[in-house]
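Here the structure comes first, spelled out in structure tokens, and everything after it is commentary.
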Amino acid sequence: MTGRSAVPEVIWARPERAGRGPRAAHSRADIAAAAVRIADADGLDAVSMRHVATELGCGTMSLYNYVPRKEDLYELMVDAISGEHDFWEATGDWRADMLRVAHQTRALMHRHPWLPRLMSPVYGFSPNALRYLEHCLVCLDPLDASYGTKMELIAMLNGVVTTYVGNELATAERTRSLPWSAEQEQAMRIAYLGNRIATGAYPRMAAAFTQDAGPIDLEAVFERALGRVLDAFEPRG
């Protein structure tokens, strides 16, 4: 395909459009926005070079002059969503600021449900991602730790958010595909589980359910997960 290379390249190091000819008709921002619209409407699997070209009103082959690989298209999409982060003046409370970052990231992933599938450190150094990382490091200025440790904290927090939201989205998708409600299924499974525990074969499970029969507060679980990550980075006196 036109513009493809046999060696690794960073899309951001390339000119906006490869080859000669008239002035570029589309920017990377246009292409990313078109791909995001498709993914938001129909899911990540609907994103293809042909579909994006159709959305832009250009030929598929001409799109390769701007984006040589589909992987580059994904990187443009992730960067575009990274640009939706709000940045604020750091408060001096690094825990509070990083919790705010985590909640904002969760909200972004719910607005763009395909995003968890593309979360990768490979895409972590695009222009908007670099602005996001710099903001996080500013928020972490009060933390007495090396920059390597701070980057690890950011990665771990993002990992928790991505995993948690991925599970939320998968559960919601499964529920939509079933002919019964989530409440009906939960009641059926609890009844089955209670029957199994009543056999006496699972004494520790029985003790666990006696101690805390639920229901599970998933929002509280999310907050505890974030807090435990941050606890691990608290300086030891």
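Quick notes on this one:
- Across the options Cys58, Ala41, Pro179, the greatest Cα extent toward the positive end of the charge dipole of the chain (unit charges at beta carbon of Lys, Arg, Asp, Glu) belongs to Cys58.
- The Ala187 and Ala220 beta-carbon pair, evaluated with R₀ = 30 Å, returns a calculated FRET efficiency of approximately 0.85.
- Shown are Lys70, Lys150, whose ranking by accessible area with a 1.4 Å probe and every protein chain present, most to least, is Lys70, Lys150.
- Calculated FRET efficiency, Thr54 to Met151, Cβ-Cβ distance, R0 = 35 Å: about 0.30 to the nearest 0.05.
- The length gained by stretching the chain between Arg204 and Leu137 to full extension, at 0.36 nm per residue less their Cα-Cα distance, is 19.8 nm.
- For the chain, the carbon plus sulfur part of the accessible surface works out to 56%, probe radius 1.4 Å.
- Phi-derived couplings, Karplus 6.51 cos²θ - 1.76 cosθ + 1.60 at θ = phi - 60°, listed residue by residue for segment 168-182: 4, 5, 5, 5, 5, 5, 5, 4, 5, 8, 8, x, 10, 7, 4 Hz, with x used for Gly and Pro.
- The chain - accessible surface per residue (Å², probe 1.4 Å): 59
- The length gained by stretching the chain between Glu16 and Ser120 to full extension, at 0.36 nm per residue less their Cα-Cα distance, is 35.1 nm.
- From helices alone, the chain scores -19500 deg cm²/dmol at 222 nm; the rule is -39500 (n - 2.57) for each run of n ≥ 4 DSSP H residues, then divide by the residue total.
- Compared with the direct C-alpha span, the chain from Glu71 to Leu178 gains 35.2 nm at full extension, assuming 0.36 nm per residue.
- Of [x] 18.7; [y] 14.3; [z] 13.0, the label for mean projected area of the Cα convex hull in nm² derived from the coordinates: [x]
- Cα centroid separation - segment 124-199 against segment 75-89, whole Å: 19
The values are calculated or read from the model by the stated rules, or taken from the named source; none is laboratory data. All values reported here derive from a predicted model rather than from experimental measurement. Please note: Cβ atoms are built from the backbone with ideal geometry, for glycine as well, and neighbour counts cover all protein chains shown. Side chains are part of the model used for accessible areas, which takes the heavy atoms of the whole protein and leaves out ligands, DNA and RNA. Shrake-Rupley method; radii C 1.70, N 1.55, O 1.52, S 1.80 Å.
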